[in-house]
Amino acid sequence: MSHGIFQGCDGGLLAARDLVTDRRVLAPSRFGYLGSAMPDEPSVAHQADGFAELLDHLGYDEVDVIGISAGTSAAAQFALRHPTRVRHLVIVSGSFPGSRTAQPPPRWARLFYDDRAMWALRMCARPMFFRLLGVPAGLPRTAEERRLADEVADSIFPMALRRRGAVFDAYVGDPEIGTYPLEEISTPTLIVHAADDPLASHAAAVEAASRIPGARLVTLESGGHLLLGQSGQVSSEIAAFLATPPR
């Protein structure tokens, strides 16, 4: 699992719980998250190589890879740099070229990469806070969807332990996806995206699917960035895809 922004190994495991079953999950905290070191010269390429080193350490020759949101760049780089080690590539709510999330935010946005600022938003401006997490208007609709949205909200705190990684993702990692030769990804690829995602553009996901050879795109009509209410369909789509023989 290549986790999203403001998360870490905990967020990766939270995502995996609803996306995959009956599999061993490796959910490392990427650079700058939850105590994971930030190299002197960090890059997404180095992060991808770090994934390969982790597999070497654990004794795995190849794995299936799932990239979530801001974890898209690291997952794509892993598939580009180490294609023989990736059986299948799945990108969920991906940050692709042309999406607003693939553009560096204004410098003042860093003011909100702070526990006090984000906690104040959560307590005093709950609708705005959940918009920042990618929950569109009209969601959540059910108690289960509210529970999941609250779980994801809880998973970004404490932000102080995730800030370095989040700043790197927002200003370097996410924008870098625009330079990747997606046409050179040889791994079987599945892209899952909601049409009403207010953070990562669905149109960008469509374009990325057209560039990655043989990629399959699953479009969900609702659910937003967190795919609220869609876990059953998404997990079924992923399970069926991972069961197909790799090229």
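The values are calculated or read from the model by the stated rules, or taken from the named source; none is laboratory data. All figures in this text were calculated on a predicted structure; none of them were measured in a lab. In this analysis, Cβ positions are derived from the backbone assuming ideal geometry, glycine residues included, and neighbour counts consider all displayed protein chains. Heavy atoms of the whole protein, side chains included, go into the accessibility calculation; ligands, DNA and RNA do not. Shrake-Rupley method; radii C 1.70, N 1.55, O 1.52, S 1.80 Å.
What to note about this one:
- Where a residue in region 41-58 is β-branched (Val, Ile, Thr) and its partner, wherever it lies, is in a helix (DSSP H, G or I) and open to solvent by 40 Å² or more (accessible area, probe 1.4 Å), with Cβ under 8 Å and at least six apart: Val44/Val172; Val44/Glu176
- Subset of region 70-116 [open to solvent by 30 Å² or more (accessible area, probe 1.4 Å), small (Gly, Ala, Ser) and more than 19 Å from Glu207 (Cα to Cα)]: none
- Leading residue by the ranking (modelled with the lowest pLDDT) among those in region 25-40 that are open to solvent by less than 40 Å² (accessible area, probe 1.4 Å) and of a type outside the set (A, V, I, L, M): Ser36
For (1) closer than 30 Å to Ile238 by Cβ; (2) within 20 Å of the chain's Cα centre (by Cα); (3) at pLDDT 95 or above, each residue gets a yes or a no:
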residue	(1), (2), (3)
Val90	yes, yes, yes
Ser99	yes, yes, yes
Leu121	no, no, no
Phe130	yes, yes, yes
Gly134	yes, yes, yes
Ala143	yes, no, yes
Ala149	yes, yes, yes
Arg163	no, yes, yes
Ala166	yes, yes, yes
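- Taken over region 150-175, the criterion of being touching a residue at least 40 places away in the same chain (Cβ under 8 Å) and surrounded by fewer than 19 Cβ atoms within 10 Å (Cβ to Cβ) is satisfied by Glu151, Phe157, Pro158, Met159, Ala160, Leu161, Arg163, Arg164, Val167, Tyr171, Val172, Pro175.
- Region 107-126 residues that are free of Cβ contacts under 8 Å to residues at least 60 places away in the same chain, paired with ones that are open to solvent by 100 Å² or more (accessible area, probe 1.4 Å) (beta carbon under 9 Å, 6 or more apart): Ala117/Leu111; Leu121/Met128
- Met1 fulfils the conditions (1) open to solvent by 20 Å² or more (accessible area, probe 1.4 Å); (2) out of contact with any strand residue (DSSP E or B) (no Cβ under 6 Å at 6 or more places or on another chain) except for a single criterion, (2).
- Filtered residues of region 72-111 (kept if within 19 Å of Thr219 (Cα to Cα) and not aliphatic (A, V, I, L, M)): Thr72, His88, Ser93, Gly94, Ser95, Phe96, Pro97, Gly98, Ser99, Arg100, Thr101
- Residue within region 208-227 that is among the acidic types (Asp, Glu) and loosely packed, with under 15 Cβ neighbours inside 10 Å present: yes
- Being free of Cβ contacts under 8 Å to residues at least 60 places away in the same chain and either farther than 18 Å from Ala166 by Cα or of a type in the set (S, T, N, Q) (or both) is a property that holds for Asp61.
- Residues that are open to solvent by less than 50 Å² (accessible area, probe 1.4 Å) and of a type in the set (A, V, I, L, M, F, W, C), drawn from region 41-59: Val44, Ala45, Ala48, Phe51, Ala52, Leu55
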